[in-house]
Structure formats: structure tokens, C-alpha cells
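Report on the following structure.
Values in this text are rule-based calculations from the coordinates and carry no lab data. Bear in mind the structure is a predicted one, so any value in this text is a computation, not a measurement. Here the Cβ positions follow ideal geometry from the backbone for every residue, glycine too, while neighbour counts run over all protein chains shown.
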Amino acid sequence: MRCIVAATDGSDIADRAVDFAADLAEKFGADVVLLHVIAASTVASTGTGVAYPAGDLRADLRVPRRVETTSLPAGLTDAANDVADKAKGRAEARGARRVDTEIRMGDAAEMILSVAKERGADAIVLGKRGRGRLAGLLLGSISQKVAMLAPCTVIVVP
């Protein structure tokens, strides 16, 4: 195992996924890529009038480790960087030696799959996130979509 992509949104469930990914990386000497996805709908709801379609990988939002762009409100940029930094510190504290962070904007499942493919990931680790029975049936969850479409092993942490 050489590369593990772990998705995080800063929640307790995501923290458990980061911990699992870090433990796995420490055991196998793998790289960890911690991914935080900003939903395009979040940007639209901030009142900036800026909205991007899912899957839009604008170069200014693909900056590794940090989001450095003036097209996002400062509070949203700061929050995304805080989530990424917290996850990185957490992974390093658990023994992961090579940890990178990425922040993307778009559909979470699509961005997780995209980063996994780009990085040649051997595994994707993400938290199970309950949406409610009806929404889950109608929309499906991020973990379900990733598990169905991933080019590698997917580990869903409860």
C-alpha cells in the first residue's frame, strides 16, 4: 500500500476516518492525502453570487495543502484550511509520516474519486454519514457512491 486518500469534513466521524487512515499509513509506510471538499452549494449560499458546477476543478482551487483564492469568502477559505490543518495534525500525531492535504470544491463523491484516481490511491477511507432514511434512499450517500465507483479499496469507518 503506497497511498491512502482520506476524506474529512471535520466531524467526529471524519476524525475517526482520519485516525484509521493514519494508523494504516503508519503500518504500511504509505502516504496519506487528506481531502476536504467544499460543496459548490455552500459557496452559492454565502451570498457571493459565485457558484461552480460539481466537478469544476478550477486551478485556483486545486492548490495542495491550502486554499489560496480570492474567489471564495475569507471565512469559508479559513474554515476549509482549519479542517485540513486539524486533520493533518491528527494524522501526524498517530504516526503517519507523509501527509498532504487538498481542498477541492464540487460534489464530494466526485472529488474523492477524482483525487483517488489522480494520486493512484490504493485505498480510500471515509466516514459513514447517516442522512436519514428517505434522503439516503433518494440521493444515496457519499460513502455508497464512492464504494460503488472507486478504482481501489474503500474503507467506510462507522
Exercise. From the phi of every residue in region 89-102, what ³J(HN,Hα) in whole Hz does the Karplus formula 6.51 cos²θ - 1.76 cosθ + 1.60 yield, where θ is phi - 60° and glycine or proline is x?
Worked result: x, 5, 5, 5, 5, 8, x, 5, 8, 10, 10, 10, 10, 9
Exercise. Label points 7 Å out from Cα along the Cβ direction at Lys117 and Ala147: separation in nm?
Worked result: 2.2 nm
For this session: Would you mind checking which residues have amide H under 5 Å from Asp31's amide H? H placed 1.01 Å from N; only 5 or more apart, or other chain.
Result: Cys3, Ile4
Seminar exercise, completed: Any residue on another chain or 5+ positions along whose placed amide H is under 5 Å from the amide H of Thr101 is listed here as Leu34, Arg65
Exercise. How high is the FRET efficiency between Met1 and Lys128 when r is their beta carbon distance and R₀ equals 30 Å, given to the nearest 0.05?
Worked result: 0.90
